[in-house]
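The values are calculated or read from the model by the stated rules, or taken from the named source; none is laboratory data. Treat the numbers as computed from the prediction; the structure is a model and nothing was measured. When we count neighbours, we look across all protein chains shown, and the Cβ atoms used for this are built from the backbone with ideal geometry, even at glycine. Quick note on the areas: whole protein, heavy atoms, side chains included, nothing else; ligands and nucleic acids left out. Shrake-Rupley method; radii C 1.70, N 1.55, O 1.52, S 1.80 Å.
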Amino acid sequence: MYLFFLTLHSWFRWVVLLSLGLGLYRSYRGWPGQHAFTPLDNTIRHTTATIAHVQLMLGYVLYFQSPTVSQFLAHRHDATYEQQPLFFGLLHVVLMTVAIVVLTIGSSLAKRRPTSPAKFRTMALWFTAALLLLFLAIPWPFSPLASRPYFRF
């Protein structure tokens, strides 16, 4: 079961990044262009936040089943000197949680803004901050902290 969730979590990150990219595209296109915030934009805003929450829940399931995290929690003092247990036991989960909180706040604030440019601006700024945090916390193949493949099979 652990391997299934790990594979699903690995593949679902691309859905998160694609939806966030689409949300950013729409928000940066609409903000300076003085476009109307359409029901499609609202759906993209809401769907992006929902997809990110699903990914976060998958990540929490993995966190409490992961042998790497178990090793980190069992040997916290010694594990802080090992990059991979430290990354997955602490950095990854904290940064991802903060990123999803930032994305959620941005989505919520954008929904409540009175004008279309304000909605687009809020969405653009908060979603950009969330994306930067996500990029920092993803275990990319080139990451010095914890290297994982782009696609897990």
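Does the stretch 30-40 include one or more residues that are free of Cβ contacts under 8 Å to residues at least 24 places away in the same chain, more than 16 Å from A124 (Cβ to Cβ) and under 18 Å from the mean Cα position of the chain (by Cα)?
No, every residue in the stretch 30-40 fails to be free of Cβ contacts under 8 Å to residues at least 24 places away in the same chain, more than 16 Å from A124 (Cβ to Cβ) and under 18 Å from the mean Cα position of the chain (by Cα).
Restricting the stretch 1-16 to residues that are in contact with a helix residue (DSSP H, G or I) (Cβ under 8 Å, 6 or more places away or on another chain) and not charged (D, E, K, R), which is modelled with the lowest pLDDT?
Only one residue tops the list, namely Y2.
Which of the residues spanning the stretch 67-93 are out of contact with any helix residue (DSSP H, G or I) (no Cβ under 8 Å at 6 or more places or on another chain) and hydrophobic (A, V, I, L, M, F, W, C)?
A74, F87
Residue by residue through the stretch 45-57, note down the ones that are open to solvent by 20 Å² or more (accessible area, probe 1.4 Å) and in contact with a helix residue (DSSP H, G or I) (Cβ under 8 Å, 6 or more places away or on another chain).
Selection gives H46, T47, I51, H53, V54, Q55, L56.
Listed here are the residues, each with its yes/no results for (1) open to solvent by less than 40 Å² (accessible area, probe 1.4 Å); (2) modelled with pLDDT of 95 or more.
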| site | (1), (2) |
| --- | --- |
| L18 | no, yes |
| L22 | no, yes |
| S27 | yes, yes |
| Y60 | no, yes |
| L90 | no, no |
| M96 | yes, yes |
| A110 | yes, yes |
| S116 | yes, yes |
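If a residue must be in a helix (DSSP H, G or I) and either touching a His at 6+ places or on another chain (Cβ under 9 Å) or open to solvent by 20 Å² or more (accessible area, probe 1.4 Å) (or both), how many such residues does the stretch 29-43 contain?
9
Hey, can you tell me all the residues within the stretch 1-29 that are under 22 Å from the mean Cα position of the chain (by Cα), among the hydrophobic types (A, V, I, L, M, F, W, C) and more than 14 Å from A124 (Cα to Cα)?
L3, F4, F5, L6, L8, W11, F12, W14, V15, V16, L17, L18
One line per residue, one yes/no per condition, for (1) aliphatic (A, V, I, L, M); (2) closer than 21 Å to V101 by Cα:
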{"residue": "L6", "(1), (2)": "yes, no"}
{"residue": "G23", "(1), (2)": "no, yes"}
{"residue": "D41", "(1), (2)": "no, yes"}
{"residue": "L58", "(1), (2)": "yes, yes"}
{"residue": "S70", "(1), (2)": "no, no"}
{"residue": "A74", "(1), (2)": "yes, no"}
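Working only within the stretch 64-83, note down all residues that are surrounded by fewer than 16 Cβ atoms within 10 Å (Cβ to Cβ) and in a helix (DSSP H, G or I).
Scanning the stretch 64-83 gives P67, S70, L73, A74, R76, H77, D78, Q83.
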